[in-house]
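Worksheet for the structure shown next.
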Amino acid sequence: MKYFRNAIFFYASFSEKSGRIEYGLYAFFTILLHALALHLHRTIDLNNETILHFFYCCFIVLFTFVPMQAVTTRRLRDLNVNPAFLVFNFIPVLNLTFIAFLLFAKKGLKNN
């Protein structure tokens, strides 16, 4: 229940820390929404009303961008890693490996 509360109320918070489960929930829903956006993008036709699918694609990507960056920053803080590694999210193929690393990495031994 705590993870859903954090997802609803603190979705754009870059402070605090985020565990594996919370990060996994964000990653799962982001991947699902991006798959939906990709499907909508494939069905765009400029000659009929499906032109609105372009708007929906842009809205989905923008809607998921800030929360995913925020939870990634919080997860990096939980692992005691410099949050500057967030830049790996912007490299197309490396970002999938980076998400998998953050999902399976264990918490660091040193505490701040």
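Could you go through the range 71-81 in sequence order and give the Karplus-derived ³J(HN,Hα) for each residue, using 6.51 cos²θ - 1.76 cosθ + 1.60 with θ = phi - 60°, rounded to whole Hz, and x for Gly and Pro?
5, 5, 4, 5, 5, 5, 5, 5, 8, 6, 10
For the chain, what does the accessible surface come to per residue with a 1.4 Å probe? Please give it in Å².
70
For the full complex of protein chains and a 1.4 angstrom probe, list Ile60, Ile31 by accessible area with the highest value first.
Ile31, Ile60
How big is the dipole moment of the chain about its Cα centre under a simple scheme where the beta carbon of each Lys and Arg is +1, that of each Asp and Glu is -1, and everything else is neutral? Debye, nearest 20, please.
The dipole of the chain has a size of about 700 debye.
Taking 0.36 nm per residue of separation and subtracting the Cα-Cα distance, what length does fully extending Ser13 through Leu94 add?
26.7 nm
Any idea how far the Cα center of the range 24-53 sits from the one of the range 89-109, in Å?
The range 24-53 and the range 89-109 have Cα centres spaced 24 Å from each other.
Suppose we take every Cα in the chain and form the convex hull; what volume per residue is that in Å³?
In the chain, the Cα hull volume divided by residue count equals 109 Å³.
The values are calculated or read from the model by the stated rules, or taken from the named source; none is laboratory data. Just so you know, these numbers come straight off a predicted model, no measurement behind them. FYI the Cβ positions are ideal-geometry reconstructions off the backbone, even for glycines, and counts take in every protein chain you see. Remember, those area values only see protein heavy atoms, side chains included, never the ligands or the DNA or RNA. Shrake-Rupley method; radii C 1.70, N 1.55, O 1.52, S 1.80 Å.
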